[in-house]
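Below is one structure, written out as structure tokens; comments come after it.
The values are calculated or read from the model by the stated rules, or taken from the named source; none is laboratory data. What you see is a predicted model, and the numbers here were worked out from it, not measured in a lab. Every residue, glycine among them, receives a Cβ derived from its backbone with ideal geometry; neighbour counts consider all protein chains shown.
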Amino acid sequence: MHVGTGRTALFNWLYAKHTGGTFIVRIDDTDDERNAAEFEADILAGLRWLGLDWDEGVGVGGPHGTYRQSDRYERYRQVALELVEREAAYFCFCTPAELAKRREEAAAAGQPPGYDGRCRTIPISEAIARRGSGEASAVRFKMPRPGVTEFDDLVKGKIRIDHEHVDDFVLLRSDGRPTYHLASTTDDVDYEISHVARGEDLLPSTPRHIQLTMALGAKEATYAHLPLILGTDGKRLSKRHGATGVTEYIEAGYLPQAMVNYLSLLGWSPAGDVTIVSLAESIRLFDLESVSTNPAVFDQSKLDWMNGEYIRSLSAVEFVEAARPFVTASMGRELGTDEWERFGRIAPLVQERTKFLTEVGPQVRFLFADELEIDPASWAKVQGDAVEAVLETAVTALGSVDTWDHDHIERSLRTMLEQLGLNARKGLQPLRVAVTGSTVSPPLFESMAILGRDVVLSRLERARQMLISA
RNA sequence: GGCCCCGUCGUCCAGUGGCCUAGGACGCCGGCCUUUCAAGCCGGAAACGCGGGUUCGAAUCCCGUCGGGGCUGCCA
């Protein structure tokens, strides 16, 4: 699910929750270029991850069948034919090749490229005869002309479009499949949709949908066209801007709460100067009419920051649960009970310094590694005159600590620093690298405490050997 | 090209005629704190696209202009 789709879904959901309405999820799968099953699974996975539950629709059911357009082709066909019967639509015998050619010619001549309506005047009896003889035809909607569609968009305000600029669009393809316009408008009518909130890219199609709805004898929905989400270059957000799929963010270690909060701020803001907003608060304050009219650039650095905020706001237990699959993936194996216990002890320290759940594994792997890998760059960074003395003294000092816990370890190492006349930075970094394998790690004393004396001493000893053999 | 939408710091928002010497957040820069990295704290640079009106007064209203985006398919 594209993040833009996610944002649209979120706004629909917030509006439904705010107004006590019904949030319906229906699958628009009239395009058979795409793999419908995959497309649907991806959408539903995105919605579930974001926590946007639906009252009616795919999976949960409701009074209108499967909520999948691909299951309703017969209904759309009937609607199209009925429209032809009532002379609100007509059969068009122009072939796609002809249309393409005319479009090209029109473009070359500087003329508007839309369909010229040449089949509109074919007498119905003739059209039926041609169809009877096997000639392929599509069904086009007869856009009322002259005419104008005016509507009050909840976010854009008054919109007025002259039908002069709206051509007779296809309702039913020559192979009998409906177009998006037919299918979704029919669904909106059949499902008694009161509000349609969608991307601004569909604004120019709205006169079509409204006219179609009227031709169907129904009352049009209230529309709200949401501003588009742009990439950092100001163009519509697409694959080349990086991760644009909601589900990609799951694996990248983002929390759905952060994504939802971030998305909610793309085109909308709660009252006041708040940035971190709970979902409950968003529901309470949300309103389509206060959605901004201008497009928003998707700025990942703000999402990243927000993710860190949400990670830090997790309870200790929640954090462990959220991090668990990432730790397992990072280690490449399932951890044992005692290992999880150790993880639970270090977790609060790690939680404070992580922005993405994917960072957790690398930060704690030193706790579970039999043979610690020492990062070469880190090792190089701590080399100096004092290293050998530090390592040696530390082994002695730590060897005689009577209770192996954070406080005793700290006291012992501070004493060591004094003896050697070193500041903490100089004296502790070599130990950090020796024990955790990197210059970047959770706090050293606690790490040592959790690791246990034996492992710490053997790692320090090993580092000493490395010095000697070097 | 035509039609439509939009134009406040780099980015997301606040601002709906005087409270604006334009506010918050992210990012950026500097400092503090500090056992690393983060986090945290303090400070800083940074915007009303432009030109005309209207008005005692305009970021806020009107017009124009420039700029950006969308649509212009038997895609959605």
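List of remarks:
Here's the yes/no breakdown for (1) within 30 Å of residue A:174 (Cβ to Cβ); (2) at pLDDT 95 or above; (3) away from RNA strand B (no atom under 15 Å from the Cβ); (4) touching a Phe, Trp or Tyr at 6+ places or on another chain (Cβ under 6 Å):
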| residue | (1), (2), (3), (4) |
| --- | --- |
| A:10 | no, yes, no, no |
| A:24 | no, yes, yes, no |
| A:37 | yes, no, yes, no |
| A:44 | no, yes, yes, no |
| A:47 | no, yes, yes, no |
| A:53 | no, yes, yes, no |
| A:61 | no, no, yes, no |
| A:66 | yes, no, yes, no |
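- Residues being on the phi > 0 side of the Ramachandran plot and free of Cβ contacts under 8 Å to residues at least 12 places away in the same chain are entirely absent from the range A:123-130.
- Selection within the range A:247-288: residues that are among the acidic types (Asp, Glu) and either more than 9 Å from RNA strand B (Cβ to nearest atom) or modelled with pLDDT of 95 or more (or both). The member of this set that is nearest to residue A:41 (Cα to Cα) is A:248.
- Restricting attention to the range A:171-201, the residues that are closer than 15 Å to residue A:152 by Cα and either at pLDDT below 95 or surrounded by fewer than 21 Cβ atoms within 10 Å (Cβ to Cβ) (or both) add up to 5.
- Condition met for residue A:452 (buried (at least 21 other Cβ atoms within 10 Å of the Cβ) and out of contact with any Cys (no Cβ under 6 Å at 6 or more places or on another chain)): no
- The listed residues are A:373, A:359, A:418, A:410, and the only one of them that is touching a helix residue (DSSP H, G or I) at 6+ places or on another chain (Cβ under 7 Å) and among the acidic types (Asp, Glu) turns out to be A:410.
- Among residues of the range A:415-468, those that are assigned to a loop (DSSP other than H, G, I, E, B) and near RNA strand B (Cβ under 8 Å from one of its atoms), counted: 7
- Residue selected from the range A:432-470 under the condition more than 21 Å from residue A:405 (Cα to Cα) and among the basic types (Lys, Arg), by the criterion farthest from the chain's Cα centre (by Cα): A:464
- Test for residue A:77: is it modelled with pLDDT under 95, in a helix (DSSP H, G or I) and within 16 Å of RNA strand B (Cβ to nearest atom): no
- In this entry, residue A:176 passes the filter for residues that are within 10 Å of RNA strand B (Cβ to nearest atom) and under 27 Å from residue A:115 (Cβ atoms).
- Number of positions in the range A:386-413 that are surrounded by 15 or more Cβ atoms within 10 Å (Cβ to Cβ), within 14 Å of RNA strand B (Cβ to nearest atom), free of Cβ contacts under 8 Å to residues at least 40 places away in the same chain and farther than 12 Å from residue A:453 by Cβ: 2
Conditions (1) closer than 30 Å to residue A:218 by Cα; (2) surrounded by 11 or more Cβ atoms within 10 Å (Cβ to Cβ); (3) charged (D, E, K, R); (4) within 12 Å of RNA strand B (Cβ to nearest atom), marked per residue:
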{"residue": "A:90", "(1), (2), (3), (4)": "yes, yes, no, no"}
{"residue": "A:96", "(1), (2), (3), (4)": "no, yes, no, yes"}
{"residue": "A:104", "(1), (2), (3), (4)": "no, yes, yes, yes"}
{"residue": "A:107", "(1), (2), (3), (4)": "no, yes, no, yes"}
{"residue": "A:114", "(1), (2), (3), (4)": "yes, yes, no, yes"}
{"residue": "A:119", "(1), (2), (3), (4)": "yes, yes, no, yes"}
{"residue": "A:132", "(1), (2), (3), (4)": "no, no, no, no"}
{"residue": "A:139", "(1), (2), (3), (4)": "yes, yes, no, yes"}
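- The range A:316-355 - residue that is within 16 Å of RNA strand B (Cβ to nearest atom) and not in a helix (DSSP H, G or I) and, of those, farthest from residue A:234 (Cα to Cα): A:352
- Strands (runs of 3 or more DSSP E) fully within the range A:112-198 counting 1 or more residues that are within 19 Å of residue A:98 (Cβ to Cβ): A:138-141, A:170-172
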